[in-house]
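Q: Take a look at the following structure, please.
Derivation of every value follows stated rules applied to the coordinates shown; laboratory data play no part. Computed from a predicted structure; not experimentally measured. Neighbour counts run over all protein chains shown; Cβ positions are idealised from the backbone, glycine included.
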């Protein structure tokens with residue numbers, strides 16, 4: 001009975017130490033890992049010992065003591081192998097692979113990340129698969145193998161989306177239970193309830209923002225499709241629908257990628273209770289949502305113009321400002337391919353044109369330029385006065401065309 005109690009105590013102490021480690025409370029984490037090791041000396045349980053080695057390795061990793069971290073990660077791997085703890089061994093492989101990136105042992109990182117991925121696939125552990133794919137992505141990126149880095153980034157994003165969907169469904173169920181629990185616990189300590197409320201509110205804001213943008217895009221897309229479908233000229237309707245879907249794919253991808261990247265950071269900030277960073281993230285999401293809504297408005301106006309529902313409204317605009325707005329939209333995509341996007345138009349160049357039509361043309365030209373320009377290429381935007389008109393040039397060093 002005493003040995004069984006020691007075993008349970010060792011597990012509890014390990015969990016507490018892991019919790020302090022996630023909060024970056026290094027001294028507290030080290031204290032409870034040491035207590036866990038002392039308790040385990042009575043039971044000599046390899047499972048607890050492996051967890052201790054893994055936790056100490058992570059602790060040294062956070063302190064940038066890579067030699068010590070390396071030693072304990074190896075001990076954790078050997079212990080899990082001896083205990084035949086397959087799933088825990090997979091997580092140890094993934095952590096060690098990430099450690100190898102920090103010490104620039106990229107070949108070792110690939111080997112151990114692949115081992116973690118194999119165990120994740122065998123155990124159908126999506127979180128382990130996600131972690132291993134992310135390490136492979138980062139390793140290939142460090143090796144400047146951008147094709148494989150991009151491949152594993154796609155696989156990582158797909159698995160991340162799957163995990164996020166499961167989390168969303170679980171969150172909805174948890175929220176219902178917590179609501180009933182709150183009604184029965186109205187007299188609970190105010191400070192504790194306020195802390196929980198802040199964490200849940202932050203999570204709901206970010207999840208709600210993503211869901212809201214997705215619903216808006218779907219509703220607008222559906223409304224435009226219904227408008228086109230009602231057109232008596234079937235061929236023109238089909239052509240307009242195809243153009244609309246291409247615009248949606250081109251224009252909404254960058255803001256939504258920005259929103260998705262922001263949301264991935266939220267769980268960590270909530271755990272760290274970093275309210276300032278959460279506020280900054282909210283502002284970033286708000287900016288991305290604003291850009292999406294602006295694109296939706298422009299898309300609606302363009303679609304209506306195809307049916308002669310709105311007039312052509314030219315006016316005087318600053319050409320550099322318009323081009324700067326467009327390049328800002330495609331900046332994340334260009335940076336991902338390491339393409340330099342240069343706006344060489346001077347601030348004194350104005351243009352008399354319909355702004356929405358001009359923006360649509362620029363978006364398509366710049367998007368095609370990015371699509372067909374190789375990695376580390378360059379795209380330049382220039383403008384010259386020609387006989388009372390302005391000649392606008394989007395030039396890249398891609399494969400070209402006839």
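Q: Return the FRET efficiency for the residue pair residue 230, residue 390: r is the Cβ-Cβ distance, R0 is 45 Å, and the value is rounded to the nearest 0.05.
A: Numbers: r = 38 Å, r/R0 = 0.85.
Efficiency, from the Cβ-Cβ distance: 0.75.
Q: Could I ask something else about it? Compute the FRET efficiency between residue 144 and residue 194 as 1/(1 + (r/R0)^6), taking r as their Cβ-Cβ distance and R0 = 45 Å, and round to the nearest 0.05. Show your work: numbers first, answer last.
A: On the way: r = 48 Å, r/R0 = 1.08.
Calculated value: 0.40.
Q: On to the next question. How far is it, in nm, from the label point at residue 123 to the one at residue 103 when both lie 7 Å from their Cα along the line to the Cβ?
A: About 2.3 nm, to one decimal.
Q: Further question: Set the Förster distance to 45 Å, then compute FRET efficiency between residue 219 and residue 34 from the Cβ-Cβ distance, nearest 0.05.
A: Working: r = 57 Å, r/R0 = 1.26.
After rounding to 0.05, the efficiency reads 0.20.
Q: Stokes-Einstein D for the range 315-396 at 20 °C, 1.002 mPa s, Kirkwood Rh over Cα pairs, in µm²/s?
A: Numbers: Rh = 13.0 Å.
Rounded to a whole number, D works out at 165 µm²/s.
Q: A follow-up question, please. Quick one: if you stick a label point 7 Å off each Cα along the C-beta vector at residue 349 and residue 264, how many nm between them?
A: 3.6
Q: As a test of the definition: which semi-axes, in Å, follow for the range 2-168 when you take the square root of five times each eigenvalue of its alpha carbon gyration tensor? Largest first, please.
A: On the way: eigenvalues 171, 61, 43 Å².
Equivalent-ellipsoid dimensions as semi-axes: 29, 17, 15 Å.
Q: Which peptide among 343-353, 66-76 comes first, and what is the full order, when sorted by highest mean count of other Cβ atoms within 10 Å? Before the final figure, lay out each step's value.
A: On the way: 343-353: 14.3, 66-76: 18.3.
Highest mean packing first, the order is 66-76, 343-353.
Q: Right, something else. State the extension gain, in nm to one decimal, for the chain segment bounded by residue 8 and residue 368, taking 0.36 nm per residue of separation less the distance between their alpha-carbons. It would help to have the intermediate numbers written out before the result.
A: Values: separation 360, 0.36 × 360 = 129.60 nm, distance 6.08 nm.
Contour length minus the Cα-Cα distance gives 123.5 nm.
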